[in-house]
Amino acid sequence: MITVQWAYSLAGLMFAAFSLLSLGDRANRKRFGNAAFWGLMALSLLAGSWLGDFVNGLLVLALAGIAGFGLMGKGAPPTTSDEERAKWSARLGNRLFLPALIIPITALVGTLVYNYTPLGSMGLIEAKRETYIFLCVGALIALGVLYLWLKPPPAAPLQEGRRLIDAIGWAAVLPQMLAALGVVFASAGVGTVIGEATRSVVPEGSVFLTVLVFGVGMALFTIIMGNAFAAFPVMATAIGVPLLIQNYHGDPAVVGAIGMLTGFCGTLMTPMAANFNLVPAALLELKDRNGVIKAQIGTALPLFAVNIALIYFLAFR
Amino acid sequence: MSHYLVLAGILIVVAGFALRLNPMLVVTVAAIATGLLGGMSLFDIVSLFGKGFNDSRLIAIVWIVLPVIGLLERFGLQQRAAAVIRGIKAATVGRLLILYLLFRQGTAAMGLISIAGHPQTVRPLVAPMALAAAEQQHGELDEAETERIKALAAATDNVGVFFGEDIFIAIGSIVLIQQTLATYGYNLAPFELAIWAIPTAIAAALIHGTRLLLFDRRLRRRGK
């Protein structure tokens, strides 16, 4: 069976190549830092399942140390100039989009075919991981097509990939760090404390104010944790189930579904949701690390208000 | 009162981000402090931190697309995306991003989350297209406008996914809602939950779409 470890291994090999190429990049004064950082990332992806929790923990501390003490720089992989790119673009025309579409189309068609034909029941791919596998397959097909069509230098894909990963830098790893922090928070009982505290501010007798505290709690705790998934069980246990559903007889489906979406409004407003907010800022080379968040607040706040109103009017029909 | 001590980790995170310290260090210190205040040993904290990191490696798989995206950029993909938009006279930042928003909501509602995203589509296609549309309509952009347009492209991707995915019945958050409520004896089918994601999805499209059109108007009105 194709397990998700295959995808980890493929990504691990890619990071290992980034590490080696970084090592040889004399234009980067901090090349050893980059090599070590991407090398550890490769190790985690290739061997993380067998290293044991404590060694994985040490690995994460090392990643944090390298990034946190400014030991990473930006490499200068060989690439084309803007003029050359404009020339290529004119010469190749819209055919250039075709390889770009191979990845999404492979992921799309692969997922659909796998789920809606008997193929899926044959157990070829680890359950619920098929999109990730098809994403990798799509990337490999696209690479093959590009090699055959445009005949780039053999190392070009890895060098160009390194150019992008260096532009993102440690932000590429931050989402996983935050997920790990969430696990520590949960295990230390942060959720329970927050739940009790929120519960203690709910005024008696007012359905609307209870909905409001539930929504604010979802959004705020999501902002703190960077993830509505961490907030939902806490707020459901503290307010959603005992007060909104049991006490005031709210519709559990509405409270659950729209409660979660109220948390998503918080996700739009927090740097803790690094993969949605900080990583794209790095990827698009924005000057302001919080630029994406600032562009989202104007949508998140009105939508939050709409969600509160939706819970109030739909759950208590 | 003492059990409120575990919240110190949250304070560290908030202060660290506010002071613009390196988030990797801030997160690590917050994890260790929270664990110690919660009565864990250092060995247990490091192990737990490592386990949490290791269990979330799925997040890293998406980087697999970088060599392909980088290679396509080498051959002028961003320039090509911009050229296509320059060929469409009616294209504006707002209209283009609204189209992308609806595409993203629609496909996410079918469970197709990873077919697009910041590395896959926003950086190579959507952001350069949006910039080209703005330049075509309004001439040279200053740095603040360029930054804002790129940020809006990323924001549109997020809004599209967040408020589309819960319409799909087999998405993680629907499963989580279902499981959480089931522990209290409310056994809901995923479909019953997913259907209530639709009103918010419509509201998200209306609010974000309106903001995008207002952005068009703001660009139009600025001094030339």
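No value in this document is a laboratory result; all are computed from the given coordinates. From a predicted model like this one, the values you see are computed outputs, not experimental measurements. Neighbour counts run over all protein chains shown; Cβ positions are idealised from the backbone, glycine included.
Take a quick pass over the protein assembly as shown and tell me how many lysine pairs come in under 16 angstrom between Cα atoms, counting only ones 8 or more apart or on separate chains.
Working: A:Lys30/A:Lys74; A:Lys74/A:Lys287; A:Lys287/B:Lys150; A:Lys294/B:Lys150.
Total qualifying Lys-Lys pairs in the protein assembly as shown comes to 4.
Can you tell me which of A:171-181, B:71-81 comes out highest on packing, and rank the rest after it, using the mean Cβ neighbours within 10 Å? Intermediate results must be reported in sequence, preceding the final value.
Working: A:171-181: 25.1, B:71-81: 23.3.
Highest mean packing first, the order is A:171-181, B:71-81.
How big is D, in µm² s⁻¹, for the protein assembly as shown by Stokes-Einstein at 25 °C and 0.890 mPa s if Rh is the Kirkwood radius over C-alpha pairs? Don't jump to the answer; show the numbers that get you there.
On the way: Rh = 24.1 Å.
Taking Rh from Cα pairs, D becomes 102 µm²/s.
Rounded to two decimal places and with Rh computed the Kirkwood way over Cα pairs, what is Rg over Rh for chain A? Numbers along the way, then the final one.
On the way: Rg = 23.5 Å, Rh = 22.7 Å.
On the Cα set of chain A, Rg over Rh gives 1.03.
Report, to one decimal in Å, the Kirkwood hydrodynamic radius for chain B based on all distinct Cα pairs. Present the calculation step by step, with values, prior to reporting the outcome.
Details: mean 1/r = 0.0481 Å⁻¹.
Roughly 20.8 Å, rounded to one decimal.
Going by how many other beta carbons lie within 10 Å of each one, how would you line up B:Tyr184, A:Tyr312, fewest first? Write out the running numbers ahead of the final one.
Values: B:Tyr184 15, A:Tyr312 19.
In increasing order of surrounding Cβ atoms, one gets B:Tyr184, A:Tyr312.
For B:Leu25, put the label point 7 Å out on the Cα→Cβ axis and report which residues of the stretch A:36-74 keep their amide N under 15 Å from it.
A:61-72, by backbone N distance to the label point.
Take every Cα pair under 8 Å in chain A that's 6+ residues apart, average their separations, divide by the length, and report that relative contact order as a whole percent. Don't jump to the answer; show the numbers that get you there.
On the way: 373 pairs, mean separation 47.1, N = 317.
After rounding, I find 15 percent.
Please give the average number of partner chain Cβ atoms lying within 10 Å of the Cβ of each residue in B:36-49, rounded to a whole number. Spell out each step's value before the answer.
Numbers: counts 1, 3, 6, 2, 3, 0, 1, 3, 5, 4, 9, 7, 9, 14.
Across B:36-49, the average partner-chain Cβ count within 10 Å equals 5.
Rounded to the nearest 0.05, what FRET efficiency is calculated for A:Glu285 and A:Glu196 with R0 set to 45 Å and r the Cβ-Cβ distance? Provide the component values of the computation, followed by the final result.
Numbers: r = 43 Å, r/R0 = 0.96.
My answer for the efficiency is 0.55.
Return, for the Cα atoms of the stretch A:97-177, the radius of gyration and Dmax in Å, separated by a comma.
Rg, Dmax (Cα atoms, Å): 15.6, 43.
Can you compute the helix-only [θ] at 222 nm over chain B? Use -39500 (n - 2.57) per DSSP H run of at least 4 residues, normalise by all residues, nearest 500 deg cm²/dmol.
My calculation for chain B gives -21500 deg cm²/dmol from helical runs alone.
Give me A:Thr270, B:Thr28 sorted ascending by neighbouring Cβ count inside 10 Å, so fewest comes first.
Details: A:Thr270 25, B:Thr28 22.
Final ranking by Cβ density, sparse to dense: B:Thr28, A:Thr270.
If I model a spin label as a point 7 Å beyond the Cα along the Cα-Cβ vector, how far apart are those points for A:Leu112 and B:Ala15 in nm?
For A:Leu112 paired with B:Ala15, the spin-label model returns 5.3 nm.
Across peptide B:173-181, what mean number of C-beta atoms from other chains lies inside 10 Å of a residue's C-beta? Walk me through the intermediate numbers first.
On the way: counts 9, 3, 1, 8, 12, 3, 1, 11, 9.
For peptide B:173-181, the averaged partner shielding equals 6.
Counting only Cα, what are the radius of gyration and maximum Cα-Cα distance Dmax of the stretch B:93-153, in Å?
Just the Cα atoms of the stretch B:93-153 yield Rg and Dmax of 12.4, 39 Å.
Once you keep just the Cα pairs under 8 angstrom separated by 6 or more residues, what percentage relative contact order results for the stretch B:1-80?
The normalised contact order for the stretch B:1-80 reaches 22 percent.
What full-extension length gain, to one decimal in nm, is calculated for A:Phe313 and A:Leu71 as 0.36 nm per residue of separation minus the Cα-Cα distance? Don't skip to the answer; put the middle values down first.
Details: separation 242, 0.36 × 242 = 87.12 nm, distance 5.36 nm.
The span from A:Phe313 to A:Leu71 would gain 81.8 nm if fully extended.
Testing the spin-label approximation: label points 7 Å from Cα along Cα→Cβ at A:Ser81 and A:Thr3. State their distance in nm.
The two pseudo-label positions are separated by 5.1 nm.
Please report the relative contact order for the stretch B:1-158, taking Cα pairs under 8 Å with a sequence separation of at least 6, and give it as a percent rounded to a whole number.
Rounded, it is 21 percent for the stretch B:1-158.
Dipole size in debye (nearest 20) for chain B around its Cα centre, Lys and Arg Cβ +1, Asp and Glu Cβ -1? Don't skip to the end; give the middle numbers.
Numbers: 19 positive and 14 negative charges, 180 e Å.
I would put it at about 860 debye.
What number does the stretch B:143-224 give for Rg over Rh if you use C-alpha atoms and the Kirkwood radius?
On the way: Rg = 18.0 Å, Rh = 15.0 Å.
Expressed as Rg/Rh, it is 1.20.
Taking all pairs of different Cα atoms in the stretch A:170-282, averaging 1/r and flipping that mean, what Kirkwood radius in angstroms comes out? Show your work: numbers first, answer last.
Working: mean 1/r = 0.0697 Å⁻¹.
Computed over the stretch A:170-282, the radius equals 14.4 Å.
For A:Trp38, B:Trp63, A:Trp6, which order do you get if you count the other beta carbons within 10 Å of each Cβ and list the fewest first? List each step's numbers first, then the result.
On the way: A:Trp38 28, B:Trp63 22, A:Trp6 16.
Arranged by neighbour count, lowest to highest, A:Trp38, B:Trp63, A:Trp6 become A:Trp6, B:Trp63, A:Trp38.
Shielding by partners for A:306-315, please: the mean number of other protein chain Cβ atoms within 10 Å of each residue's Cβ.
On the way: counts 7, 4, 0, 2, 4, 2, 0, 1, 2, 1.
Whole-number average of other-chain Cβ neighbours for A:306-315 is 2.
How big is the shadow of the Cα convex hull of the stretch A:152-196, averaged over all directions, in nm²? Before the final figure, lay out the partial values.
Numbers: hull surface 17.3 nm².
Over all viewing directions, the stretch A:152-196 projects a mean Cα-hull area of 4.3 nm².
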